[in-house]
Amino acid sequence: MSIQDVRDFLLEFKRVATGGSGIDIVPRAETRPTLARLGLTKANLEEILLELSVTDYCQGPKPDRDRPGNLWIFGREIEGHEVYIKLKVAQVGDKRIAKCISFHIAKFPLKYPHR
């Protein structure tokens with residue numbers, strides 16, 4: 001994926017996230033323990049997501065197998081741990097929603113093509 005494509009996704013994600021409804025954090029089993037282990041709150045998590053850049057990009061877009069739309073994978077070093085982050089901008093009726101699908105300590109080393 002080109003740098004411009006990743007930049008465009010991040011700009012859209014951040015625009016939707018700051019446009020009023022914030023970020024929908026999907027309550028996955030791994031997210032809460034990761035937040036606790038890293039000493040993060042939901043507000044800290046939203047800050048981290050809004051700070052993501054092209055250099056944090058790992059993969060995507062990939063079709064979401066569960067719902068319409070595409071998934072984008074990012075990674076970030078936090079408190080000495082590499083964290084796997086899966087994001088999406090979902091269309092729900094006439095509304096766009098910024099979603100964090102996954103946020104957990106990476107199970108395998110991530111690759112960053114734009115570093």
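Every number in this text was worked out from the coordinates using simple rules, so none of it is lab data. What you see is a predicted model, and the numbers here were worked out from it, not measured in a lab.
What to note about this one:
- Cα-Cα P(r), the chain, percent of pairs per 5 Å interval: 2, 11, 23, 26, 21, 12, 3, 0, 0
- Taking 0.36 nm per residue of separation and subtracting the current Cα-Cα distance, fully stretching the chain between Leu50 and Arg28 would add 5.9 nm.
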